[in-house]
1. Please compute the length gained on full extension between B:Lys266 and B:Gln72, using 0.36 nm multiplied by the number of residues separating them and subtracting their Cα-Cα distance.
2. Treat each spin label as a single point 7 Å out from the Cα along the C-beta direction, and report the B:Ser233 to C:Val82 distance in nm.
3. Looking at the range B:1-76, which GluC sites (Glu not before Pro) are in a loop (DSSP not H, G, I, E or B) and have at most 14 other Cβ atoms within 10 Å?
4. Residues in the range B:304-346, backbone N under 20 Å from the label point at B:Glu95 (7 Å along the Cα-to-beta-carbon vector): list them, ranges by number please.
5. Arranged by the count of other C-beta atoms within 10 angstrom, fewest first, what order do A:Leu40, B:Leu124, B:Leu312 take?
6. Given points 7 Å out from each Cα along the Cα-Cβ axis, report the A:Ala388 to B:Glu122 separation in nanometres with one decimal.
7. Given the convex hull over the Cα atoms of chain A, what projected area results after averaging over all orientations, in nm²?
8. Given 10 Å bins starting at zero, what is the percent of C-alpha pairs of the range A:248-346 in each, up to the one with the largest pair distance?
Amino acid sequence: MIDLLIVGAGPAGLRAAIAAAENGLHVSIIDEFVKPGGRLLGQLHEEPDGSWVNGVEEAERMYHRAIQLGVEISTGVSVYDLAETPAGWSIYTTDGVRESRCLLLATGASETPIPIPGWTLPGVMSIGAAQVMGNVHRVKPGHKGVVIGVNVLSVAIAREMQLCGVTVDRIVLPAHNLISADASNPEKMMESLLRLSHLAPSSLMKIGGKFVSPKLAARFYPRNGFKIWGIPIQLRKTALEIIGEEQVRGVRIAAISATGSVIPGTEEIVDADFVCIAGGLTPMAELAAVAGCRFHYVPQLGGHVPLHNERMQTTLKGLYVAGNITGVESAKVAGAQGRVAGLSIADELGVLSAAGKEKIKEAVDQTVHTRKHALIQFNQGIEEARHALYTEFQQLTDKKISV
Amino acid sequence: MESFDVIVIGAGVIGSSVAYHLVKKGLDVALIEKGGIAAGTSSRCDAVALICDKKPGIDTEIGYASIQLFKQLAQELSVDFEFSSRGSLYVCETERELEIAQGYVADQVRDGYDMRMVDPHELLDIEPYLAPDLAGGIWTEADSSMNPYKLCYAFVEEGKKLGLKVFDYHAVSEIQRDVQGKIERVVTDRGTFKTRKIVNCAGVWSPKIAGMVGIEIPIVPRKGIVLITEKTSKQITRQKVHEFGYMLSKFEDIHFKRNVSELVEKHNVAFTIEPTDAHNFLVGGHRAFKGFDIRSEIDVMQAIAERALRFLPVLRDLNCIRAYAGVRPWVPDHLPIVSEVEEVPGFFIASGHEGDGISMSPITGKMVAQLITGEPTDFNIDKLNFSRYKKSNAV
Amino acid sequence: MKSMRVQEHPILGNSEKKEAVTIYFDGKPYTAYTGDTVASALLASGVRTLRKHEETASPRGIYCNIGHCFECRVQLNGSETVRACLTTVADGMYVTSLTLPKGASI
C-alpha cells in the first residue's frame, strides 16, 4: 500500500507528486502515454517578453525532480476500474491492481471531435494529434493542411506546425450541424478569437480593435480572412466536406454569412494532404464517474466536472482531482492545482506541519493568481464558475455534517 | 386535460409493444415514460429471443408463438430492428449435463419444437472456435436475435403512425380513482391525463406504479452484467452460444452443481455469447439480486471472462472494451404477470418477464390488446393472472 | 517523397540521433527509430491507413494520437490488439492491420 497514486503524468500530476513527495509521502504516478508530461509535451509558445515556453523541457524538469524525490513513474499503463476500500483505493490497471491510501485523478482533458463528412479518412486528425506528431515524435502530420475549427488550440497549434516546416493553408469553420453548434457560427467564434489577442496582438488588434462588438466584427470580417503568422483565418468560410478515397485529398469549402449560412455558388476545393479538426477540449472525468463522484455541468469549465473544493477534494474520501479534469485551463493553472492537491493529500495523511498547512493556503492563492494572469484564457467566467462550484461543495459538506 | 382510452406506463419493450398493439385495435393510447424510450432494462439486456431457456409448458408455448410473431413484425414495422433467425447452440460441458439435456430435448421435441442433440464433432463443425473437450450440445432452430433498443423504437414509431401519443420524460406520480375505485386520472410531473384504463408495463419499476393503487407486486430487480468485446472480423461464433448450465443457473429449483471456480459460483455466472451486427460480441451471463445497482462490478466481469474462456479459448486474444448492467423484473415463479387486477378495475399489469421481455414482447402486446378489447386471448393465460399472488392488499 | 521527419526546428532544435530499428507492417519492413510509436513510425514512412473498418471497409488511420479514440488499433505479433499511438516500437516488431485481406480465411 502506497500513500498516493496519481493517474496522469501531466503538469497537475507531476506537480502534485513533487509536493506530496517533498512532504515524505510514498507516491506513484501512472500514465497511459509513452512518456510523462501529458499535454505539456508539444506545447510551445512565445511569452510576451519574447522567450519561448518549451513544454517538453518543462516536463523533463518536473519528471527529474519527481524521480529525485523517489516518485515512481510508470508510462504505458491504463486504468480500467477503481474501487474504494476500507484503507483507501484499489486501482485496476493494465499492469495489475495497485493499492493506495489516497488517489489523485489528474487525467486532463480530451479533444471534442466535430464529425463532418469525410472525417474518418486517413490524414484527418485532431489538432492535438498533429501537435504531438510534430513536437513530440518529430514527424510531420503532412505537407499541406487545412485546420477546421477556430479556437485557442487551433491557432496556437497551427503556428507550431509552421515551426515544424508544415504548411497550414488556412483555418476555417466546421460545417454547421448538431454537434458543431456554436463552433460553426462566425459571431460566436469571433468572441473566442478576441480572447487570443495576446498571441498575435497586431493582427487581432487590427481586426478586433476596429469593431465595438464581436457581432459587428463578424459581419465586417473580410471574406478571405486575415492572417496570423501568414496563416489565413477564415471565419467566413466553412468546411463542408473532407474529400479523398484512400486518404485526404482536399477540403470542399464555401463562404458563409455572419450567422453561418452557406452562400450558394461559393463552393471551392482546397487541396490538402492532411486536415486537423479542432473542436475544443472537454474534461476527461470518466474515472471520477466510475469512482462515484458527484458531477456538475459547468459550460465555462468545458463540460461535466467532478464536484470538488479549492483544496481539490472530491465528495469521496481520499479521492482528489487536479488539472483539466476539474475544468479546461492552461497547463500553468493545472500545475498550480496539482501542487494544492499534493499538499492537501499530505495534510489528510497527517504529515504536514503547522507551517506546511500555511502552504496550502498559499498554493490555493497561487492558483487563483496563475489563473488571473494566464496567457491563454480558454473560456470566459472561469473564476466565477469555480467559485460557484466550491460554494456548492461547501454547502454539501455542511449538510452532511449537520445530518 | 387530454383524455385517452388507455394509458400505458413504461416505454420499454413490453410497454412499446402493448401500446402498438392497442393503437392497432383503433384505440386512443398514450405511452407515458419517466425517461426516454428503452432507457431502462430494454437497452441494458442482450439481444435474443430464446426457446431453450424456458421450461417445457406454457412458457415455451407462448415463447415460441412470440418468436413466430417477430417474423411478421419484421415485415410490418418500418424501423429495421435487425431481426434474424440464426438459431442457437447450447453446449454441455460434461456427460452429466449432456444427460440432463437429452431428457430436456426429448420433452421439447415431443411437444413439437425443432431441437436436436449435437455430438462433439458436429459442435466443432458449427463453431470451430469452441473448446475441443466439450461433451456435446443442443441445436435449436427457432432461437432468434435482434436489436432490442431498435425494437422499442420500431413499435413506437409504427404506433405513432396509427395515432399513438408518446409522453417521454413524464414521471407518473399519482393514479387517481373515482368513488367506485375505478381508474380516473394519471398524474405526472408534467401534466395530468384522463383515462379509464392503465397498463402497468414499468418492469422492475412496476411495483412502484402498482403501489399507487394499493397493490403489491412481487417483482424484484435481478441484475445481469454483459461484457462487450472489441470489434473483430473473426467470426468467434455465428449465432448465440450458451452453456446449458445457463438454464440450470436460471432456475433455483434445479439443483445442479457445475465444476466451476469459486468466483464463477459466487456470482452465478454461466457462459453466453452472441454476435452483433456491429461486429462486437456480447459475453454474459450473470444473475444476482443487488437492488437497482447497475454498476459493472469488476469481480463479476472477471468471473464472466473466466467462464467464457473455458468455452472459447480464442477470446483470450480479444479485448473487453466495456461492460454494462441491467436489472430484470424477476418474479418468484418465473412466469410473467399479464392480467387485469380484479380489485382495481381498469388496472392491468404486463410485467415480470425477467430475462424474457424482449422475446415475449410481441405476444404480450398482442394478448394485452385482446384482454382490453374483450377478445379471447391467443392462449389460455390463467396461469399469468395476477390473482395467483394472494398477498395483494387492495384498498 | 520529401521526408516526413522534422529534422530541424527553430525552437526545439535538431532531432537527436536515435537508433534505427526495423518494424513490419502487414509483412513489409519499415525503418523506425527508438522512441517512435508504431503510429509515428508508420506515418513517417508514409503509411496512413492502419486498418479497414470492420463493417464498411473504409480506410482508417490515427485520429487523436494519444489513446483516446481507438481509431489506430492494430494487431501486435499476431494476437493482441493495441493502439498504434501508444505502442513504442521495438526491433523486429510484427504489426498487422486488423482487417483480413480479401479472400483470406481465419
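1. 65.7 nm
2. Calculated label separation equals 2.1 nm.
3. Working: sites: B:Glu2, B:Glu33, B:Glu61, B:Glu76; in loops: B:Glu2, B:Glu33.
Passing sites in the range B:1-76 are B:Glu2.
4. From the range B:304-346, the list is empty.
5. B:Leu124, B:Leu312, A:Leu40
6. Here the modelled spin labels are 6.7 nm apart.
7. 20.6
8. In order of increasing distance, the bins hold 14, 31, 18, 17, 15, 5, 0 percent.
No value in this document is a laboratory result; all are computed from the given coordinates. Just so we're clear, the structure is a prediction, and the values are computed from it rather than from any experiment. Methodologically, a virtual Cβ is constructed for each residue, glycine included, from the backbone with ideal geometry; neighbour enumeration extends over all protein chains shown.
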